Amino acid sequence: MGELIDAFAVALKAGLGFQAVFLALLAIGINVQFGYTGLLNFGQIAFAMLGGYGIAISVSQWGLPFWVGVVVGLLAAVVLALLLGLPTLRLRADYLAIATIAAAEGLRLLFRSVSATPVTNGTRGLSGFNAEFVALAPWDTARRYGILGTQWSGAELWVTAVGWLLVALASLLIWLLVRSPWGRVVKSIREDEDAVRALGKNVYVYKMQALVLGGVLGAFGGMVYALGTASANPDQYQNANTFLAYAALILGGAARVLGPVIGSMLMYFIIQFADTGLRTLIGNGVIPEGLLSATDVAQIRFVLIGLGLMLLLVFRPQGIFGDRREVMLDAR
Amino acid sequence: MPADQTPGQPAAGGAHAASLDPAATGGAPRLLARAALRDVAWEVGVPKPDPAIVVDGVTRSFGGLTAVSVDHLEVQRGGITGLIGPNGAGKTTLFNLLTGFDQPNTGTWSFDGRPLGKLAPHQVARLGVVRTFQLTKALSRLTVLQNMLLGAQGQKGESFWRALVPGTWRAQERANTEKAMELLGRFKLDRKKDDFAGTLSGGQRKLLEMARALMSDPKVVMLDEPMAGVNPALTQSLLGHVKDLREEGMTVVFVEHDMDVVRDISDWVVVMAAGKVIAEGPPQSISQNQAVVDAYLGAHHDAPLTIEEEDRVLAEAEAAIAREQHAEGDVIGSETRREENR
């Protein structure tokens, strides 16, 4: 029993840690694009990678200050959004989906390629770029701190605190936007583009704004992740993260301000709890070794997540915060 | 039926001046539009006394099919123009072209003298030409009131940065909401204002779409089959609303299949078939127009034929076959003989 409480504490830390912040910022971005505007961005991780590498390359390779790195990362994300949006946003939704998924995979392969090694340091990645950021912490980052039975290093705590502040600011921004006439226009675009065009709105511009905003939020997520892990490696930015963020968004409830935030916390909590819990149960023989070995746990936890999502979609398709009436409406 | 009508005659000029100021004349626009069109010839491409929309040489083809090929068409300002024609006549394609939703292969058209040819749909809408769709486009997961508010033009809060400062758009939003509620009241949807538009019935969606279009204070309203799939009781109220648009000085163009509706509300009817305008005129002229009757019903529409007529048609056909046989030799001849023996 004590071990399960330990597992719970570990899971709680995961649900509050910078990984959850990373996922939450990705999911908030996707919420703007998919939840409100109806754009299918299947390459959100590419924006995160540009954010993380924006800092990493600027600081480690070019010797620029941390803040310049942040600006570089954000600009790179804006440029990527414009490049992806310009040709595809006039077309049907599927084209953006194809372009983004290809861009995410292509950029990762480019960053880890030999020819890019002088800049990105290839598969070994970059590190040692977060000193300036950690030094900003108002507390002693060399100490360890205990919160609610979980142990945090000072630097980790600082990244996490800044991360949640970013999540709060992003949520406030989204809240302000979606209750404004701007939000009404993008939600209408999700419902029917042509109707919005016929009422004199430049649909293309709104879609572009949503794509850029979502991409910038994703870049912030990537920065938090790079600072949290103190390294930037192309293979940290696998596109599976995009789909994990979609799952978190659907779990929390799409087109709700807090949906992606709560969804991401819960998602990491469940993944970590399943992981540690199963290992504990295998370790003390509750689950026989023949049925499930400790090496299978990493895969099994995602099976459990998948099962959970299926049950969610059957019994609560609107997610945690969604409005069932709204979700059940025929989208025409 | 004076065929030598030219724009700018005293009567027509008077109608023009008055139709620009409908408020001053009260219920008169209907009569004015009719009066202005009374002396116009019943000819395809005839000039109107005061055209709001002028179409010139517009063609649009999809592959080998020419969907629209209109040489010249003028739409009278302040009147209700009905656009009719059999399925596939190109009515909706013409609508799409006029509102920027589709680009033509050739041709130009203008609204109030401003060319519309190169404009995107939203630019056309901003000029005051707003349309509805054949398949109603209610925005399902927005409430009825939100649907209405979307229609308002020049909203400050629709810009990204100003949206973040509610103070810049609150007052405008309140004014728009008031206007929306007034319109919803007129269309008897005010009690539904907080319902999702997706929960409305088909007819209510048509009403909502029309009301939403009116939120933009349009000059020209283009309605694509406003009565399709609407029950007869609601049709009457929709008809009333369409007439009201004219009373308020708007120009209405609508596509409709129900001839009773067309006869009831149109000041002028344009008939299309196979992409071309085949007839124009006041509603009562259309049912007598041979080209229209043929386009809709085929040449031999007075079914059923009497026995004598049937014999005569048969004899004519046989004679024709015999002639062809004579001219084109045995292959076709043997075919047709087999047909006859059956």
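The values are calculated or read from the model by the stated rules, or taken from the named source; none is laboratory data. Just so you know, these numbers come straight off a predicted model, no measurement behind them. As a convention, Cβ positions derive from the backbone with ideal geometry for all residues, glycine included, and neighbour counts pool all protein chains shown. Please note that ligands, DNA and RNA were not included when accessible areas were found on the heavy atoms of the full protein model with its side chains. Shrake-Rupley method; radii C 1.70, N 1.55, O 1.52, S 1.80 Å.
Could you work out the helix-only [θ] at 222 nm for chain A, with each DSSP H run of four or more residues adding -39,500 (n - 2.57) and the total divided by the number of residues, to the nearest 500 deg cm²/dmol?
On the way: 15 runs with 223 residues, N = 332.
Roughly -22000 deg cm²/dmol at 222 nm, from the helical runs in chain A.
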**Asked** Among A:Val114, A:Val21, A:Val159, whose mean-square fluctuation peaks in a Gaussian network model of chain A (Cα, cutoff 10 Å)?
**Response** A:Val114
**Request:** Return the distance in nm (one decimal) between the two label points of a simple spin-label model at B:Lys118 and A:Arg316, each offset 7 Å from Cα along Cα→Cβ.
**Result:** 5.5 nm
**Item:** For the stretch A:185-200, residues shielded by at least 40 square angstrom of accessible area compared with the chain on its own, probe 1.4 Å
**Value:** A:Ser188, A:Glu191, A:Asp192, A:Asp194, A:Ala195, A:Arg197, A:Ala198, A:Leu199, A:Gly200
**Asked** Roughly what would the spin-label model give for A:Ala161 and B:Met259, points 7 Å off Cα along C-beta, in nm?
**Response** 8.2 nm
**Fill in**
In the stretch B:62-109, accessible area falls by at least 50 Å² from chain alone to full assembly (1.4 Å probe) for B:Phe101
**Request:** Can you spot the aspartates and glutamates whose alpha carbon is less than 16 Å from A:Lys207's alpha carbon? Ignore those fewer than 8 places along the same chain.
**Result:** A:Asp94, A:Glu191, A:Asp192, A:Glu193, A:Asp194, B:Glu158
**Label-point gap, in nm, between A:Ala298 and A:Ala9 - each point 7 angstrom along Cα→Cβ** = 2.6 nm
**Message:** Place a point 7 Å from the Cα of B:Arg170 along the Cα-to-Cβ direction; which residues of the stretch A:169-183 have their backbone N under 16 Å from it?
**Reply:** A:176-177, A:179-181
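How do A:Trp158, A:Trp67, A:Trp139 stack up against each other in accessible area, from largest to smallest, with a 1.4 angstrom probe? Spell out each step's value before the answer.
On the way: A:Trp158 40, A:Trp67 155, A:Trp139 80 Å².
These residues rank, largest area first, as A:Trp67, A:Trp139, A:Trp158.
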**Span from the the stretch A:300-318 Cα centroid across to the the stretch A:1-26 one, whole angstrom** = 19 Å
**Prompt:** Expressed as a whole number of Å, what is the distance separating the alpha-carbon centroids of the stretch B:222-272 and the stretch B:94-161?
**Reply:** 20 Å
**Asked** Where is the GNM fluctuation largest for chain A (alpha-carbon springs, 10 angstrom cutoff): A:Val224, A:Val212, A:Val68?
**Response** A:Val68
**Message:** Can you tally the net charge around A:Asp323? Count Lys and Arg as +1, Asp and Glu as -1, for every other residue whose Cβ sits under 10 Å from the Cβ of A:Asp323.
**Reply:** +3
**Fill in**
Here the FRET efficiency for A:Trp175 versus B:Ser110, based on Cβ atoms and R0 = 51 Å and rounded to 0.05, is 0.70
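What is the sum of charges, Lys and Arg at +1 and Asp and Glu at -1, for the other residues whose Cβ falls under 15 Å from the Cβ of A:Gly283? Before the final figure, lay out the partial values.
Working: positive: A:Arg279; negative: A:Glu3, A:Asp6, A:Asp275, A:Glu289, A:Asp296.
After counting each charged neighbour, the total is -4.
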**Asked** Once B and A are treated as a pair rather than alone, how much accessible area drops out, both sides summed, in Å² to 100, probe 1.4 Å?
**Response** 3200 Å²
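Between A:Thr117 and B:Thr59, what FRET efficiency follows from the Cβ-Cβ distance if R0 is 56 Å, with the result rounded to 0.05? Walk me through the intermediate numbers first.
Working: r = 58 Å, r/R0 = 1.03.
Efficiency, rounded to the nearest 0.05: 0.45.
Rg to Rh ratio, the protein assembly as shown, alpha-carbon atoms and Kirkwood radius?
On the way: Rg = 33.2 Å, Rh = 29.6 Å.
My calculation of the ratio gives 1.12.
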**Prompt:** Pick from A:Leu109, A:Leu199, A:Leu169: which residue has the top mean-square fluctuation in a GNM of chain A where Cα pairs under 10 Å get a spring?
**Reply:** A:Leu199
**Asked** With the other protein chains left in place, how much accessible area per residue, in square angstrom, belongs to the protein assembly as shown at a 1.4 angstrom probe?
**Response** 45 Å²
**Request:** Just read off the accessible area of B:His241 with the full protein assembly in place, 1.4 Å probe, to the nearest 10 Å².
**Result:** 20 Å²
**Message:** Restricting to bridges with both residues inside the protein assembly as shown, how much of the DSSP beta-bridge set is antiparallel, in percent to the nearest 5?
**Reply:** 65 percent
**Message:** Probe radius 1.4 Å, ligands and nucleic acids ignored: give me the carbon and sulfur share of the accessible area of chain A as a rounded percent.
**Reply:** 69 percent
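May I ask for the net charge around B:Asp112, where only other residues with Cβ less than 9 Å from the Cβ of B:Asp112 are counted and Lys, Arg are +1 while Asp, Glu are -1? Could you put the intermediate results ahead of the total?
Numbers: positive: B:Arg77, B:Arg114, B:Lys219; negative: none.
Local charge sum for B:Asp112: +3.
Which of the helices in chain A, when you take each full DSSP H run, stretch at least 20 Å along the axis at their Cα atoms and have an average Kyte-Doolittle score of 0.5 or higher?
A:2-16, A:66-88, A:93-112, A:154-178, A:203-229, A:259-283, A:297-315
Once you have the alpha carbon radius of gyration of chain A, what is it after dividing by 2.2 N^0.38 Å, with N set to its residue count? The partial results should precede the final answer.
On the way: Rg = 20.5 Å, N = 332, 2.2 N^0.38 = 20.0 Å.
Relative to the rule-of-thumb radius for its length, chain A sits at 1.03.
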**Asked** For the stretch A:1-43, list residues with backbone N below 17 Å from a point placed 7 Å from the Cα of A:Thr150 toward its Cβ?
**Response** A:4-25
